[in-house]
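Since the structure comes first, as structure tokens, the remarks are kept for the end.
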2 protein chains.
Amino acid sequence: MASSSYTNSPCAACKFLRRKCLADCIFAPYFPPEEPTKFANVHKIFGASNVSKLLNEVQPHQREDAVNSLAYEAEARMKDPVYGCVGAISVLQRQVIRLQKELDATNADLVRYASGSARPPSQYGRRATTASVSTRHHSGLSFLSPLSSSHHDSTYCHDKEEGN
Amino acid sequence: MASSSYTNSPCAACKFLRRKCLADCIFAPYFPPEEPTKFANVHKIFGASNVSKLLNEVQPHQREDAVNSLAYEAEARMKDPVYGCVGAISVLQRQVIRLQKELDATNADLVRYASGSARPPSQYGRRATTASVSTRHHSGLSFLSPLSSSHHDSTYCHDKEEGN
């Protein structure tokens, strides 16, 4: 359940909107008074009415995740008005492709080495380092893949730590 | 520059909002009448007023990217009201970590093999496959890293194809 700060204080949303915080306030469980910026951000980016509508459209047990994802997006958009969190997607997509290429190349090296046609072992070990420092560059949205159902369907797993 | 469909038709935004599309319409260059859904989505998720404010806050040359990232986020949120495009970030972050682990392990195998203590070569080559099919599972937002300045600063490169 969400942060349950049902005190006498109005929630951050009602305080921001200068209205009375009623017992059934849709915002209260997710916007505690101690986190005023969380609501201010989602209000600025999405608007209080849109957030309220969205919360009413999802199941009660999904509302905390919904609010947290909205807060994440809103914070990203405040920090980067042009790309918002889509910039992070672009960075990560590039990183996945780069790592996959590195992995394919390392596997190919391994096979070559095993077959006896490889170069000296001193070259190995550099790839992991190369890949791990390559997160700071990306090219706007030109690289972004279209939305795919595998990323955006509603069959998300809710396990806390997926096995490898 | 954005899709420049300055015809006699009102832009998709003005048509949706049932208002006259003036020559200096802030939406017109980015919401052509042929793409009505693009505006409908950003209107539903962010609100026309917020989109207009955001466009006025960024430089004219950044507006097309800003609109496209908003449209991407809006579409993601329509498809997945709980996680929106933050779901994709979670998937990609897991994928990066998994690939990095695979790469580290493969490099370690390579070093072991080179030093003469490795197992037979038949085991090699499976890792790339394992990693590449592991994109469909993630665990809500529990796995999401906090926003970092490396992903969200304003120093994005605008090169179309970054070198590897």
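Heavy atoms of chains A and B lose about 7500 Å² of accessible surface on contact, summed over both sides with a 1.4 Å probe.
In sequence order, segment A:26-37 has phi-based couplings of 5, 7, 3, x, 10, 10, x, x, 6, 10, x, 5 Hz under the Karplus curve 6.51 cos²θ - 1.76 cosθ + 1.60, θ = phi - 60°, and Gly or Pro positions carry x. Normalised by the number of residues in segment A:12-79, the mean separation of alpha-carbon contacts (under 8 Å, six or more apart) gives a relative contact order of 33 percent. In vacuum, with every alpha carbon of segment B:42-117 counted as one equal point scatterer, what does the Debye formula give for log10 I(q)/I(0) at q = 0.16, 0.26, 0.27 Å⁻¹? Two decimals, please. One equal scatterer on each Cα of segment B:42-117 leads to -0.71, -1.09, -1.11. For segment A:81-96, backbone phi angles converted through the Karplus equation (6.51, -1.76, 1.60; θ = phi - 60°) give residue-by-residue couplings of x, 7, 9, x, 6, 5, x, 5, 4, 4, 4, 5, 4, 4, 5, 4 Hz, Gly and Pro being listed as x. Placing a label point 7 Å from Cα along the Cα-to-Cβ axis, B:GLU57 is separated from the same position in the other copies by 2.2 nm, shortest listed first. Bridgeable lysines around A:LYS15 (alpha carbons under 20 Å apart, same-chain partners fewer than 8 residues away excluded): A:LYS38, A:LYS44, A:LYS53. Once you have a ≥ b ≥ c as the square roots of the Cα gyration tensor eigenvalues for segment A:12-79, tell me rounded if a/c is under 1.5, and otherwise prolate or oblate according to whether a/b is larger than b/c. Since a/c reaches 1.5 but b/c is at least a/b, the shape of segment A:12-79 is classed as oblate.
Remark: segment A:9-19, residue by residue, has Karplus-estimated 3J(HN,Hα) of 5, x, 5, 4, 5, 5, 5, 5, 8, 6, 10 Hz, where x stands for each Gly or Pro and the curve is 6.51 cos²θ - 1.76 cosθ + 1.60 at θ = phi - 60°.
The values are calculated or read from the model by the stated rules, or taken from the named source; none is laboratory data. Keep in mind that what you see is a predicted model, and the values were worked out from it rather than measured. We place every Cβ from the backbone using ideal geometry, glycine too, and count neighbours over all the protein chains shown. To get the accessible areas, we keep the full protein, side chains included, count just its heavy atoms, and leave off ligands, DNA and RNA. Shrake-Rupley method; radii C 1.70, N 1.55, O 1.52, S 1.80 Å.
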